[in-house]
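The values are calculated or read from the model by the stated rules, or taken from the named source; none is laboratory data. If you're wondering where the values come from, they're calculated on a predicted model, not measured in any experiment. All Cβ positions, even for glycine, are placed from backbone atoms using ideal geometry, and neighbour counts span all protein chains on display. Surface accessibility is based on the protein's heavy atoms, side chains included, excluding ligands, DNA and RNA. Shrake-Rupley method; radii C 1.70, N 1.55, O 1.52, S 1.80 Å.
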Amino acid sequence: NPFAGLVSHLRASWLSGKTRPMEYRVAQLEALGRFLDEKKQEILEATELDMGNPSFEAYFTEILLCKNELNVTLNNLSSWMKDEHVDKNLVTQLDSAFIRKEPYGVVLLMAPWNYPIHLILVPLIGAIAAGNCVIVKPSEISKNTESLVAELLSCYLDNDCFAVVTGGVQETTRLLENKFDYIFFTGSPSVGRVVMTAAAKHLTPVTVELGGKNPCYVSDTCDVHNVARRVVWGRFFNAGQTCNAPDYLLCTLEMQEKLMPALREAITEFFGPNPQESPDFGRIVDDKQFRRVRALLCSGRVAIGGQTDEAERYIAPTVLADVLPSDPAMQEEIFGPILPIVVVANMDEAIDFINARQRPLVVYAFSCDSKVVNQVLERTSSGGFCGNDTLMQGMLSSLPFGGIGNSGLGKYHGKFTFDTFSHQRGCLHRNMGLETLNAPRYPPYTQQKLGLITATCEVKRRGTCTLL
């Protein structure tokens, strides 16, 4: 296997204990901070070449949010690493019971192309903070960013403990043949299944972040113009190539008619009369994805947008009205600048529609009535939830980010990333003396011994007591 030597080298580094001291982890994290500061312009240029990213969007997602994660981690690492002492029963009162946060070992991070720096660095920050050695596999689709990461990351991180592997499907397949101690994958459900199958051969734990068709319910009682601006921003950010973007709207026919002019107005306000000329609207990543997304325009009727330019991989911000559940746009995650509207009779029908499908990464709900928002929250299931806005839940390091069911397994961001890459080792350190206290658990067994064991070990419901 072409990667066996690399994996063995990193495993030897991990077994040496090199990555365990907090000082080492902090030094590597601070090096990532220098990478973001010193190579900011190169990062912005690479993402612009790959995605046509506006520099505002690229800086926000690839630089600012990564630095936020880094600083949250550096500010809290010492407390996160501390042993967590736990409750004890009567038998172990004189002993030490605690949870030790230990690194898994050699971790594989597999990143997608849509946020090619952010979705490498955010999990990498947590993996380093937890004390692991890491192999990073960037996406070959965002080729300019892949080259940048491969060339520059090794200049900042310890090459005995951290490495970048490039290549396509063949290289990834061979890489996955190796035994890793943890795998973190972000991408599509189909590739996620391949990764989990490979991991299962070695009983390797995994986190898989898969996205999905995120529904957005808009009730009849809401500020239509505010809804339009927040939905247009979330749907068309990064030209719609965002895993937690609103994928389709659910609303009544009456609300669809109110929303349409408000959506058109918001699109014009954000991107001008011709979004193709706007410096603030991105492009589809490659020709394959362009053709896939363009094919979805046959769903329902094009109410806003619909223009395409294959030479530029441009698809206009598009709203599709009167979309049927059987239409192509409702059969897969769109991952592009298309927003279908599906008409429902009321909130109950919207909730039934959501629950009849695979559980999404996020459920969105808009209403001036907080009871409506709470109803959608309580009666649906998803990785995350946001009421009266889009994407903003992903900006908080204090909230876990991850899917459920078809939209993923596991969670990260902030301390959740550190916890994801840490094995929580349950530890009990007992006193070598006081052997008399252990006598009741040893044979020969008697009813008297069982009574003593029960009295000292039994957990009772609160509010009950035993008279001895």
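Criterion first (surrounded by fewer than 18 Cβ atoms within 10 Å (Cβ to Cβ) and on the phi < 0 side of the Ramachandran plot) does Gln256 satisfy it?
Against the criterion (surrounded by fewer than 18 Cβ atoms within 10 Å (Cβ to Cβ) and on the phi < 0 side of the Ramachandran plot), Gln256 does not qualify.
Somewhere in the stretch 95-107, is a residue open to solvent by less than 50 Å² (accessible area, probe 1.4 Å) and farther than 30 Å from Leu428 by Cβ?
no
Cβ-Cβ distance below 8 Å, separation of 6 or more or different chains: which pairs start in the stretch 344-366 with a residue that is farther than 15 Å from Pro246 by Cα and end on one that is surrounded by 13 or more Cβ atoms within 10 Å (Cβ to Cβ) and among the aromatic types (Phe, Trp, Tyr)?
Val344/Phe353; Met347/Tyr217; Ile351/Tyr217
Return the total of residues in the stretch 1-20 being part of a helix (DSSP H, G or I), surrounded by fewer than 16 Cβ atoms within 10 Å (Cβ to Cβ) and among the hydroxyl-bearing types (Ser, Thr, Tyr).
The total comes to 1.
Inside the stretch 64-98, can you point out the residues that are under 20 Å from the mean Cα position of the chain (by Cα) and among the β-branched types (Val, Ile, Thr)?
Across the stretch 64-98, the qualifying residues are Val72, Thr73.
Residues that are out of contact with any Leu (no Cβ under 8 Å at 6 or more places or on another chain), under 25 Å from Glu62 (Cα atoms) and open to solvent by 40 Å² or more (accessible area, probe 1.4 Å), at least 2 per element: which helices (runs of 4 or more DSSP H) completely within the stretch 370-465 meet that?
Correct list: 415-420.
Which condition number in (1) open to solvent by less than 50 Å² (accessible area, probe 1.4 Å); (2) under 22 Å from the mean Cα position of the chain (by Cα) is the one that Asp158 fails?
In the conditions (1) open to solvent by less than 50 Å² (accessible area, probe 1.4 Å); (2) under 22 Å from the mean Cα position of the chain (by Cα), Asp158 misses (2) alone.
Pairs, please: C-beta under 7 Å, at least 6 apart or cross-chain, first residue on the phi < 0 side of the Ramachandran plot and in the stretch 312-338, second charged (D, E, K, R)?
The qualifying pairs are Glu312/Arg283; Tyr314/Arg283; Ile315/Arg294; Leu320/Arg301; Ala321/Arg301; Glu333/Lys213; Glu333/Asp247; Ile334/Asp247.
Answer yes if at least one residue in the stretch 168-184 is under 25 Å from Gly240 (Cβ atoms) and surrounded by 23 or more Cβ atoms within 10 Å (Cβ to Cβ), and no otherwise.
Yes, that holds for at least one residue.
Which members of the stretch 315-330 meet the condition of being at pLDDT 95 or above, in a loop (DSSP other than H, G, I, E, B) and surrounded by fewer than 20 Cβ atoms within 10 Å (Cβ to Cβ)?
Matches in the stretch 315-330: Leu324, Pro325, Ser326, Asp327.
Could you tell me how many of the residues in the stretch 235-253 are in contact with a Leu (Cβ under 9 Å, 6 or more places away or on another chain), buried (at least 24 other Cβ atoms within 10 Å of the Cβ) and assigned to a helix (DSSP H, G or I)?
Result for the stretch 235-253: 3.
Against the definition (assigned by the TED database to the domain that holds Val373 and closer than 29 Å to Asp419 by Cβ), how does Gly234 come out, yes or no?
yes
Identify the single condition in (1) open to solvent by 10 Å² or more (accessible area, probe 1.4 Å); (2) touching a Leu at 6+ places or on another chain (Cβ under 9 Å) that Glu312 does not satisfy, given that it satisfies every other one.
For Glu312, the failing item is (2).
Given the criterion outside the structural domain of Gln241 (by the TED database), free of Cβ contacts under 8 Å to residues at least 60 places away in the same chain and either open to solvent by 20 Å² or more (accessible area, probe 1.4 Å) or over 30 Å from Arg313 (Cβ atoms) (or both), identify the matching residue among Glu62, Glu38.
When all the criteria are applied, what remains is Glu38.
Might you let me know whether the stretch 273-285 holds any residue that is hydrophobic (A, V, I, L, M, F, W, C) and closer than 25 Å to Phe385 by Cβ?
No, the conditions are met nowhere in the stretch 273-285.
Which residue, of Asn178, Asn159, is assigned to a loop (DSSP other than H, G, I, E, B) and free of Cβ contacts under 8 Å to residues at least 12 places away in the same chain?
On inspection, the qualifying residue turns out to be Asn159.
Please specify each residue of the stretch 41-59 satisfying the condition of being open to solvent by 50 Å² or more (accessible area, probe 1.4 Å), within 26 Å of Ser398 (Cβ to Cβ) and in contact (Cβ under 8 Å) with a residue 40 or more places away in the chain.
Phe56
Cβ-Cβ under 6 Å, sequence separation 6+ or interchain: first residue in the stretch 276-301 and without any contact (Cβ under 8 Å) to a residue 24 or more places away in the chain, partner part of a loop (DSSP other than H, G, I, E, B) and crowded, with 20+ Cβ neighbours inside 10 Å. Which pairs?
none
Hey, among Ala130, Ala163, Ala150, which residue is touching a Ser or Thr at 6+ places or on another chain (Cβ under 9 Å), surrounded by 23 or more Cβ atoms within 10 Å (Cβ to Cβ) and either not charged (D, E, K, R) or not assigned by the TED database to the domain that holds Met110 (or both)?
Ala130
So which of Glu23, Glu30 is under 27 Å from the mean Cα position of the chain (by Cα) and surrounded by fewer than 16 Cβ atoms within 10 Å (Cβ to Cβ)?
Glu30 is the lone residue from the list that is under 27 Å from the mean Cα position of the chain (by Cα) and surrounded by fewer than 16 Cβ atoms within 10 Å (Cβ to Cβ).
Determine if the stretch 292-299 includes at least one residue that is surrounded by fewer than 21 Cβ atoms within 10 Å (Cβ to Cβ) and under 30 Å from Cys66 (Cβ atoms).
Taking every residue of the stretch 292-299 in turn, at least one turns out to be surrounded by fewer than 21 Cβ atoms within 10 Å (Cβ to Cβ) and under 30 Å from Cys66 (Cβ atoms).
Go through His85, His118 for me and flag whichever is in contact with a Leu (Cβ under 9 Å, 6 or more places away or on another chain) and open to solvent by 20 Å² or more (accessible area, probe 1.4 Å).
His118
Run down Val231, Val208, Val195 and say which single residue is assigned to a helix (DSSP H, G or I), touching a strand residue (DSSP E or B) at 6+ places or on another chain (Cβ under 6 Å) and buried (at least 20 other Cβ atoms within 10 Å of the Cβ).
Checking each option against the conditions leaves just Val195.
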